[in-house]
1. Tell me, please, whether a residue that is modelled with pLDDT of 95 or more and touching a helix residue (DSSP H, G or I) at 6+ places or on another chain (Cβ under 7 Å) can be found in the stretch 65-79.
2. Among the residues of the stretch 263-280, count how many are surrounded by fewer than 17 Cβ atoms within 10 Å (Cβ to Cβ), among the charged types (D, E, K, R) and touching a residue at least 24 places away in the same chain (Cβ under 8 Å).
3. If you go through the stretch 33-43, how many residues are part of a loop (DSSP other than H, G, I, E, B) and within 14 Å of Arg115 (Cβ to Cβ)?
4. Quick test for you: out of Ser142, Ser200, Ser162, pick the one residue that is of a type in the set (Gly, Ala, Ser), modelled with pLDDT of 95 or more, in the same structural domain as Thr273 (by TED's automatic domain parsing) and over 22 Å from Ser292 (Cα atoms).
5. Show me the strands (runs of 3 or more DSSP E) found entirely inside the stretch 163-260 where at least 2 residues are within 16 Å of Gly306 (Cβ to Cβ).
6. Go over the candidates Phe218, Phe181, Phe192 one by one and state the one that is at positive phi, touching a residue at least 24 places away in the same chain (Cβ under 8 Å) and crowded, with 18+ Cβ neighbours inside 10 Å.
7. Counting only residues that are surrounded by 17 or more Cβ atoms within 10 Å (Cβ to Cβ) and either of a type in the set (Ser, Thr, Tyr) or in contact (Cβ under 8 Å) with a residue 40 or more places away in the chain (or both), how many does the stretch 315-333 have?
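The values are calculated or read from the model by the stated rules, or taken from the named source; none is laboratory data. From a predicted model like this one, the values you see are computed outputs, not experimental measurements. Heads up, the Cβs are rebuilt from the backbone with ideal geometry, glycines too, and the neighbour counts pull from every protein chain shown.
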Amino acid sequence: MTQIDQAADIREGEELDISAVDRFMKGAIPDLTGEPVIRQYPGGASNLTYQVDYGDRSFVLRRPPFGKIAKSAHDMLREARVMQALKPVYPYVPNIIAICDDHDVLGCDFYVMERLKGIILRQDFPKDLEMDEADTRKLCLSVIDKMVGLHRVDAKAAGLDSLGKGEGYVQRQIGGWSDRFRKARTDDVGDFEEVMAWLSEKMPNDVAQVVIHNDYRFDNVVLNPDNPFEVIGVLDWEMATIGDPLMDLGNTLAYWIEADDDESFKMLRRQPTHRPGMLTRKEVVEYYMEKSGFRADNFDFYEIYGLFRLAVIVQQIYYRFYHGQTSDKRFAIFGHAANSLEKRCKRLIAESSL
């Protein structure tokens, strides 16, 4: 059996009040006994995720980052309620165990969910997970299939149709992310004005209104350790909404780095899409369109949008580091990452036939 994904030591400055967590957990789960052991998952640059163990019973606690954050960002209560609504129609959502909106507990909203014990593919395959090209392709297709499955969910039946704002999703995203970038820009990062102008000019109409994840990546997917081709969970529903499925796919492909990409883009790789057997971005688009029925004659807009949106997310985090609102050293290079993404967007725009 391949090694199950585990939490690690808690990063300095991101410790939780153990006694407060213990009181809350025992109030929510009456049969809990003993003292909790709390560790932190190393991935993620946004919300913080902890493993809370009571003996052989294991839970996951999600909370916003420490420090000053945007008012509308990191809405833990919304994320938990979306997961609760989705669970009956999309079984890969972890069960929500408890939700806390009492800031006297940890100083923020947070929730506790079941821990899905499985494999999570981060930057590289675990050392004990061996797959040839054919098996790697099979795994890749399985992960894409779960995204297609999400986009087929009946939002109205799940009670999620009010989650979005209706038609005009594409337009709202371009306007919204452009505004967020301008507010988060720092002096050492490019202005993205050429990219934002191109996206605004080339906006297509929405192809559909469906449930979208908005951060669907390999490291948000949990695989069965006894059968790594089987997806047993999808994590991180913070940005889920009702929107355009091709925009969701564009977001996914922003992280899809291939073995022959340029070196500056490869430095951003955080999932094993470079491995032999993984689909190329072009193959992902073709496979997704064939399986989902959602189509576009030219995918350039969605790919460039995904890269731009990623750049904004990176820049928002870097803004906090730049202004001393977080001391997490991981974020020191995020300004360079934003500049690299701007160069890539400009190159793709120059090559585009749109």
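1. No, because not a single residue in the stretch 65-79 is modelled with pLDDT of 95 or more and touching a helix residue (DSSP H, G or I) at 6+ places or on another chain (Cβ under 7 Å).
2. Residues meeting the conditions: 1.
3. Summing the residues that are part of a loop (DSSP other than H, G, I, E, B) and within 14 Å of Arg115 (Cβ to Cβ) in the stretch 33-43 gives 2.
4. Details: Ser142 fails: over 22 Å from Ser292 (Cα atoms); Ser162 fails: modelled with pLDDT of 95 or more.
Result: Ser200 is the single residue among Ser142, Ser200, Ser162 that is of a type in the set (Gly, Ala, Ser), modelled with pLDDT of 95 or more, in the same structural domain as Thr273 (by TED's automatic domain parsing) and over 22 Å from Ser292 (Cα atoms).
5. 241-243
6. The match here is Phe192.
7. Kept after step one, since they are surrounded by 17 or more Cβ atoms within 10 Å (Cβ to Cβ), are these residues of the stretch 315-333: 315-322, 326, 328, 331.
Checking which are either of a type in the set (Ser, Thr, Tyr) or in contact (Cβ under 8 Å) with a residue 40 or more places away in the chain (or both) leaves us with 315-320, 322, 326, 328, 331.
Counting residues in the stretch 315-333 that are surrounded by 17 or more Cβ atoms within 10 Å (Cβ to Cβ) and either of a type in the set (Ser, Thr, Tyr) or in contact (Cβ under 8 Å) with a residue 40 or more places away in the chain (or both) gives 10.
Quick grid of which residues meet (1) under 30 Å from Ile333 (Cβ atoms); (2) aliphatic (A, V, I, L, M); (3) over 21 Å from the mean Cα position of the chain (by Cα):
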| site | (1), (2), (3) |
| --- | --- |
| Arg122 | yes, no, no |
| Ile144 | yes, yes, no |
| Val170 | no, yes, no |
| Arg182 | yes, no, yes |
| Ala197 | yes, yes, yes |
